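A quick write-up on the structure given underneath.
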Amino acid sequence: MPRQEQPSSSSSSDRRADRPAISKAIKRSVKDLYADLALEGKQWETRQGERYDSPTNMQVTGNIRERSKAWYPDASKAELDAAIKQYFRSVRDGVCRKVKGKLF
């Protein structure tokens, strides 16, 4: 008897469909702009519970959003926010790995 697949309410493909596509240029600009801000001494707070849009991180996030929008005026706010959120997670995960001594 053939197996019938049951629809999953929270499959990863469903969650990905809700997110906007992020171009490589936008991803690169977010990374480069954060690196520039870090050189100026402005960095995200990555403590437990902090998010890219937390009040303590809004100055850095706002700077990245404004400068990215200047470079790519056709980029949507949703695409910029998705790229910033993705890079924030990457930075936060790197800090966690470093603290736990799991940096290779």
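The values are calculated or read from the model by the stated rules, or taken from the named source; none is laboratory data. Here the structure is a predicted model, which is why all the values come from computation and not from measurement. Note that each Cβ is placed from the backbone with ideal geometry, even for glycine, and that neighbours are counted across all protein chains shown.
Observations on the structure shown:
- Candidates 42, 27: the one that is closer than 15 Å to residue 78 by Cα and either touching a residue at least 60 places away in the same chain (Cβ under 8 Å) or surrounded by 10 or more Cβ atoms within 10 Å (Cβ to Cβ) (or both) is 27.
- Among the residues of region 43-56, none qualifies, meaning not one is in contact with a Leu (Cβ under 9 Å, 6 or more places away or on another chain), modelled with pLDDT of 85 or more and assigned to a helix (DSSP H, G or I).
- For region 76-95, residues that are in a helix (DSSP H, G or I), in contact (Cβ under 8 Å) with a residue 40 or more places away in the chain and more than 16 Å from residue 53 (Cβ to Cβ) total 1.
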